[in-house]
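Accompanying notes for the structure given below.
Read-outs: derived from the displayed coordinates by stated rules, not from any lab. Note that the structure is a prediction, hence the values are computed from the model and not measured. Here the Cβ positions follow ideal geometry from the backbone for every residue, glycine too, while neighbour counts run over all protein chains shown.
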C-alpha cells in the first residue's frame, strides 16, 4: 500500500526545514513498514481522531519529520517507529503521529539541506525522552513547537549561539503557553473559526486519509490520557509545574466531552465554510483566519543566549526566543564591550534593536530600559544614524515621563537640537512645552534653547559661539546643520556687507577651523571668483556675490533628511 | 420609547434631518433616557424597536423594509449605549466598581451605533437628508473617546486593550489616546462615506462633508497630529470638482473650516495664506461668538505682525481680556523698541504661547522691536549739514556701528560686541521678511511659490555695512521702509 502523501497545508508550505533527528529509542535505520504508515489513515477513517491509541500495539512514536529529507531518495517515507514505553498506562498513550509535515515530495527536493548542529539534535532527542514526555501535550503539539522553536532560532540566526542545553523543552513551552492563555481567560478559538481554506476542505474530501495539520490545535489533539501524570512527568521547574496546573484543569473539562464532538465539530465547520462561501458569493476562496487569541499578559522570556539578530515581529513573540531581563543586562554589557573594541555599527545597532524588542514585548520599563535606549541613542548619534536615534529619543521621552531616572537633561537638550535640525516646528514647540522652568536653567538645555533662539533670530554670530561650546554629544547633532547655517549666514553677509570683508572675518564669524577651510567652503559653492588677494590679505568680495549662495542655501534647507536611516 | 419614535416618525415623514438626529442624541435628560432604557430589555430590544419603527411612518412616506431593518439596528445599538450611559450617570447603589470602565463601554457601544448608521447608508439605503444623524453620532463619539481615555489614564491600569503589540518599541502616545485615535479612524470612515457618494448633488451625502471634516480637524489637533489634516485637505481638493462650493454650506461650518485651514497654514509658517483664511473666518464669524473670535485673533494677530508689521490696537482687543494679556505688553515693547522688556514679556507669556503654538511666531516680533530701536538711532542721528544753505535737509546716513552697539546694549541690557551688532544689522538688511523666505523656499512640502514682487512686503532696513570703516550706510530714501523715514 502506498502511503498518501498530500500537498502540505498552506501553513506548512512556508515553514522552513527542521533538522532530522532521531530518538535514541529507535533506530533510524530500521526499514520503514509501509503497513504501519497507513495506520493513522485507518484510524482517521474509522475510529475517529481520538482513536489513535491502539491498545494491541506497543506505544508508537514517529520522529519529528525532516522536511528536507522527505521524499528524497536518501530517506524513505517516514515510518512509524514502535518504541516500548515504560509508562504506567501503556495502553492509552499510543500516539501515532499522522505525518504532520507531509509535504509533496517534489517541493521538498528543492529544499536545501541544512546541517543541523549537534546541540540542536540532542535538544530534540531530549524532548522525546520518555522521562520528559507529558501526556497533556500531544505529540503533534510538541513537534509543532519544536519546529517553531528551531526554525525561529534559525531565522533569527542564533541557531549556533543559543544554549540548547538550557532551552526549555517543547512540552514545557506548550504548557506554559496554555497556562498563560488560561490565566488571561482566553478560550481557544471556537472550532468553527477554522483557518483552513476551503481548498483544504475539498482536498480533505478527496483524500479522506489526509490528516489535519499540526499547527492548529484541535480538540482531537487533546489526548484523553489520565491527567495525574501529565504535569509531573515533565520534571520541569517548580514554577512551571504550578502554572501548568491551571491548564490541566481546563483540559480535563474539555476531555470530559465525548470524543465524538470533534467529528461533529468538523462537520459543523465544513457547513460553516460552505455557508461562508455562499455568503461571499463564492468569490472568496479563503477568508481571514482569526488572529491567534491575543495574549494579554506580556511574554516572559526564557531565551538564555546573549546575542540575537533583530527580526521584525510579525506574530506574537515566543517566550523561547525572548531574553529575560537578567540576560538582557548581560547582553548590554557585552554590547558595550564589543562596541568599544570593534566599533562595528551595523552589528551593534542590530543587536540593540533586538534588545529593545525583547524589552518591549516583555513590557519591561525601568531604569535598565532607559539605559539601553540612552546608550543606543548615543551610539546612533555618533554614527549619524538619525533614524535610530529618533526612535530612541521618542522612547526616552516617554520613559522619563514615567518618572524613570536617566540622563533626562542631556537627552532633552539633544531633542531640541534634533528638531532644529529637522526643522520640525511643531515638534519643537512640543519639546518646549515639555520643559519645566527648572529644566530651562540646566546648562545643556539652556544651551540648546539659546541655539534655537539664535537661529530663529538669525543671529549667526551667537549661533557659532554656541556651536563652539556644545556640551555632551550635542555637537554631533549640530554638525548636521552647521553647514546649512553657514550658507545662510554667508547669504546674509554677502547681502549686508559692501564692498568686501576679509576672509579672516568669515573664518571667525562662521567658526571655520582655518582660513583655508573657509576659502574651501566658499569655493565649494562656486564662489571662487569672490576671493581676492590684496596686499597679502584675502578678501571676500561680498558686494559682488549677488544671489550666488541663495540657491545653495535653499537646497541645503530643503534637504533635511528626516529619516536619516542608515 | 414611544415618544422617541413619535419624534422619529414625524422627522421621517417630513424629512427633517436635524429633528431626526435629535432622536439619537445621548444628551437628553436622565428621565427620558431611563424611559428609553426601561421600555425593553436585551432580549426583545430588536423586536420592540422594529415594531415601533414599522408603525412610526405611514402613507407614501412609509419606510421601506430595508430602511426599517437599518434603523432597527441603529436604535438597538442606541438603546444599548443609553444603558451604558445611564450606568455612569446614576451611581449604582451597590458598589463603585461597576462604573470603572464605563466610559470605555459607552464609547464602544456608541461606536457600534455609528457603525450601524454607516451600514445603514451602505446597505440599507438611508437617504442623504438624514446625515445630521452622523453629526450627532460623530460628535458624541469624540466626546466619549476623550472621556474614556481620561478615565483610563487616571486609573493606574497599564494594560493595553489586548491588542497584540508587534512593535519594536512602545508607542506611548497611542496608548494614551487609544480611544481618540480610534475615534479619528471612525470619523475618517464617515468622511469617506460622505466623500465617495456619487448620487446627484441634491441628494448627496457630500453635504455632510464639512461638518465631518471639522470634527476630524478637531480630533487631529487634540491628538497633536494636526499634520494629518493635510491628508483630508488633499482628499478634499482631489474631489473638489464635483463638490459644492464651501460658500453654500452653513456659515458655521465655513467659519470652523476656514479657521482650521488658517491655523494649519500658520503652523506651516505660511503666514500669508494663514492670514487670508483666518481673515475670511473672521469676516464670517457671528458677531457674538466671542470665543471663536478670540481663537481666530489668537492666530491672526501674530500673522499680521509678521506679514504687515502691524500691531493690534487697544480698541480691537477691548473685548478680549485674555488677548489683551497676551499681546498688549508685547505690542508696547515692539512699538517702543524695548528689547529687554520684549524678552521679559515673551518669557512671561511663554507657557501660554507655547501651548497655543504661537511662541515661535511671536518671538520674531523681536526683529520689529529691533528695527524700531535702530530707527530711533537713525532719527537721533539728526541731519547732515546741508551742502548749500537752504537746500533740502538730508538725514545722516553714515552711522558708526558703535552707536548702534550702544543702543542695542542699552536696550537689551547685555553687552554685545561689535561683531554681533553687525550681525544683527546684517539681519535687518537681509531680512526682506522672514515670511518671504518661507514662501519662496522649497523647504515646506507644500511650497507656495508666490511671486515676490506681488507681495511687496517691506524690507526691515535698507543699506549696507562697510566693515573696514566701521559704519553702516543707510539708504537716503526710505532707510526703514514703511515707517516714514
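Structure notes:
- On Cα atoms only, tilt of B:2-14 relative to the major axis of chain B in degrees: 70 degrees
- Over the range B:250-363, the Kirkwood radius and the radius of gyration, each from Cα atoms, give a ratio Rg/Rh of 0.96.
- Shielding by other protein chains, A:490-500, mean Cβ within 10 Å: 6
- Taking B:7, B:197 and counting other C-beta atoms within 10 Å, the order from fewest to most: B:7, B:197
- Label zone at residue B:352 (point 7 Å along Cα-to-Cβ), backbone N below 17 Å, the range B:289-318: B:291-303, B:312-318
- Adding -39500 (n - 2.57) for every DSSP H run of four residues or longer, then dividing by how many residues chain B holds, sets the calculated 222 nm ellipticity at -19000 deg cm²/dmol.
- Separation between Cα centres of the range B:34-94 and the range B:4-22, rounded to whole Å: 14 Å
- Extending 7 Å from the Cα toward the beta-carbon at both residue A:516 and residue B:473 defines two label points whose distance is 3.5 nm.
- Percent RCO, i.e. relative contact order, over the range B:250-363, from Cα pairs under 8 Å lying at least 6 residues apart: 18 percent
- Two-site label geometry, residue A:314 and residue B:308: point separation in nm, points 7 Å out along Cα→Cβ: 5.9 nm
- Overall size of chain B from C-alpha positions, given as principal axis extents largest first: 103, 52, 46 Å.
- Which of B:130, A:507, A:314, A:537 has the fewest Cβ neighbours within 10 Å, and the rest in rising order: A:314, A:537, A:507, B:130
- Folded to 0 to 90 degrees: helix B:290-307 orientation relative to chain B principal axis, Cα: 30 degrees
- Modelled this way, with points 7 Å down the Cα-to-C-beta line, the labels at residue A:367 and residue B:15 are 7.1 nm from one another.
- Listed peptides B:104-111, B:39-46 by packing density, highest first (mean Cβ within 10 Å): B:104-111, B:39-46
- Each peptide in A:321-328, B:213-220 receives the mean, over its residues, of other Cβ atoms within 10 Å, and ordering these scores from highest gives B:213-220, A:321-328.
- Potential extension, residue B:44-residue B:202 segment - 0.36 nm per residue separation minus Cα distance: 53.1 nm
- Crossing angle, helix B:271-284 versus chain B [Cα axis fit, 0-90 degrees, rounded to tens]: 50 degrees
- Put simply, when B:47-55, A:119-127 are sorted by average Cβ atoms within 10 angstrom per residue, most first, you get A:119-127, B:47-55.
- With 0.36 nm allotted per residue and the present C-alpha distance subtracted, the residue A:531-residue A:434 stretch has 30.3 nm of extension available.
- Inter-chain Cβ neighbour count for A:310-322, averaged per residue, equals 1 (cutoff 10 Å, partner chain atoms only).
- For A:504-516, mean number of other protein chain Cβ atoms within 10 Å: 1
- For the range A:474-538 and the range B:198-217, distance of Cα centres in Å: 56 Å
- Net length gained if the chain between residue A:524 and residue A:166 were fully extended (0.36 nm per residue, minus Cα distance): 122.9 nm
- Relative contact order for chain B, counting Cα pairs under 8 Å that sit 6 or more residues apart, in percent: 8 percent
- Our summary of shape: the Cα atoms of the range A:481-558 have principal axis extents of 39, 25, 19 Å, ordered from largest down, in whole angstrom.
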